[in-house]
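Here the structure is laid out as structure tokens; the discussion comes afterwards.
The values are calculated or read from the model by the stated rules, or taken from the named source; none is laboratory data. The structure presented is a predicted model; accordingly, all values stated were derived computationally and were not measured. Cβ placement follows ideal geometry from the backbone for every residue including glycine, while neighbour counts extend to all protein chains displayed.
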């Protein structure tokens, strides 16, 4: 499959450079588009999306996206003068589709430091007119990948390292007790990522670490991915103070209580600035080779309210600083508050694609597509800002991690006497689990629905949940109850084919799931 990369660089608020080194080999430097009225309208709509996200619908988002496209490319007007950037991009897109099905077209957006007026606009809502309608570049078509690109001189990005090691993921949930800080409610995101653990994926988690604990853990374990969730404020993120500092604060609280007769609030927060966070998250990279590290920043909803604008600002400033740090392959962050259910949906699709060796920016595109297609709380598809909320800052188009080829394990079916390949990963065999959830055969348990499963004794290739009445994902084997023990019977025709990743889960009452032992 062909991979085509084109780059739009905003050199200033008025000048842009478009480069296509794959299809046409052109370089066009020309004025950006957008009249004064269009630019002012884009700013107003951007503020509206940021402050009134739940009130936005597709028409408003589409108008914002059209204005952004006019600014970036001067519009697409084939045969007319005055829009060379837009004409060059359209010719690239048309050439890409003439190459046939498959492949990826990457549009890398580079924003130079000289850009001021346009730097704060939400470019993830770019909307391209196309064949009488149009689509959002951030996930509307999964073949087109929109990324904020950070040019760099890191020599380590000569290509991904191939290793027999497991993909190492460190989840950091920082929730120190402090005035004004709600508890972090991850809505099962930590448990979901931990469910991916297997011989191919190693997952560790830290709950409210101090900066010393975080530094030591990252430096010694050298994770490929750091998923950090918690609270922030402009330019800073909250970690937990170390033991000595907590002891000092405790003594001070005791003294204050004795003097005033009131009990001061507990404050465990250690506010760490963006530069220090970058230093912590880069631990271990300078001493070892490899393609860099992926950092996922997530300002979580609290138990009672969404993250504040200050908290989002803190994570955004850290994301931008990290994106310009050496040896950081990519940064994924959220530019708006996103409900934990939607964040969980995004993380599930993102990590699933990542584990399948997909490039980081492509994994983000598929996860954005999932958010856009799913809608939100009754909203129609692509009618909520969620799909444009994730931002990716990319420093390398290559996969940041690639496992060495694993040997294929084969087994002989006792019924058919033929060899069958056994895959490491499989979709959850529980028909009542969320669609698209991947499980690892060696785990014997789904990390999302908690259902236990076995390898099918009939075909040796499929999986089956050890609950009477549930069927194998590959053959007609059915798990049944035989007195006080579980047994099998020769089933009749299947009730239906194995559920695909896109098929919705079958409805079932929660009390039935508990009675069957599928959930606790």
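At-a-glance table
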item: Which numbered condition residue 329 misses (of (1) modelled with pLDDT under 90; (2) part of a helix (DSSP H, G or I); (3) crowded, with 24+ Cβ neighbours inside 10 Å); result: (2)
item: Given (1) modelled with pLDDT of 90 or more; (2) not in a loop (DSSP other than H, G, I, E, B), number of the condition residue 12 does not satisfy; result: (2)
item: Matching residues, segment 376-388, being surrounded by fewer than 17 Cβ atoms within 10 Å (Cβ to Cβ) and in contact with a helix residue (DSSP H, G or I) (Cβ under 9 Å, 6 or more places away or on another chain); result: 377, 379, 380, 381
item: The one condition in (1) in a helix (DSSP H, G or I); (2) closer than 22 Å to residue 193 by Cβ that residue 372 fails to fulfil; result: (2)
item: Some residue of segment 26-45 being surrounded by 14 or more Cβ atoms within 10 Å (Cβ to Cβ), assigned to a helix (DSSP H, G or I), out of contact with any helix residue (DSSP H, G or I) (no Cβ under 7 Å at 6 or more places or on another chain) and modelled with pLDDT of 90 or more; result: yes
item: Output for segment 214-231, where each listed residue is surrounded by fewer than 23 Cβ atoms within 10 Å (Cβ to Cβ) and either more than 23 Å from residue 269 (Cβ to Cβ) or out of contact with any strand residue (DSSP E or B) (no Cβ under 7 Å at 6 or more places or on another chain) (or both); result: 215, 216, 219, 220, 221, 222
item: Residue 190 being in a helix (DSSP H, G or I) and within 27 Å of residue 264 (Cβ to Cβ); result: no
item: Strands (runs of 3 or more DSSP E) wholly inside segment 434-489 that include at least 2 residues being surrounded by fewer than 21 Cβ atoms within 10 Å (Cβ to Cβ), more than 30 Å from the chain's Cα centre (by Cα) and modelled with pLDDT under 80; result: 478-482, 485-489
item: Members of segment 247-278 found to be under 19 Å from residue 173 (Cα atoms) and out of contact with any helix residue (DSSP H, G or I) (no Cβ under 8 Å at 6 or more places or on another chain), listed by number; result: 269, 271, 273
item: Strands (runs of 3 or more DSSP E) contained entirely in segment 101-177, each with at least 2 residues that are modelled with pLDDT under 95 and under 24 Å from residue 29 (Cα atoms); result: 104-111, 127-130, 144-149
item: Yes/no for residue 96 being in contact with a strand residue (DSSP E or B) (Cβ under 6 Å, 6 or more places away or on another chain), buried (at least 18 other Cβ atoms within 10 Å of the Cβ) and at pLDDT below 90; result: yes
item: Residue 209 modelled with pLDDT of 85 or more and in contact with a helix residue (DSSP H, G or I) (Cβ under 9 Å, 6 or more places away or on another chain); result: yes
item: Cross-chain or 6+ apart pairs with Cβ under 8 Å, segment 174-197 first and at positive phi, then surrounded by fewer than 18 Cβ atoms within 10 Å (Cβ to Cβ) and part of a helix (DSSP H, G or I); result: 187/341
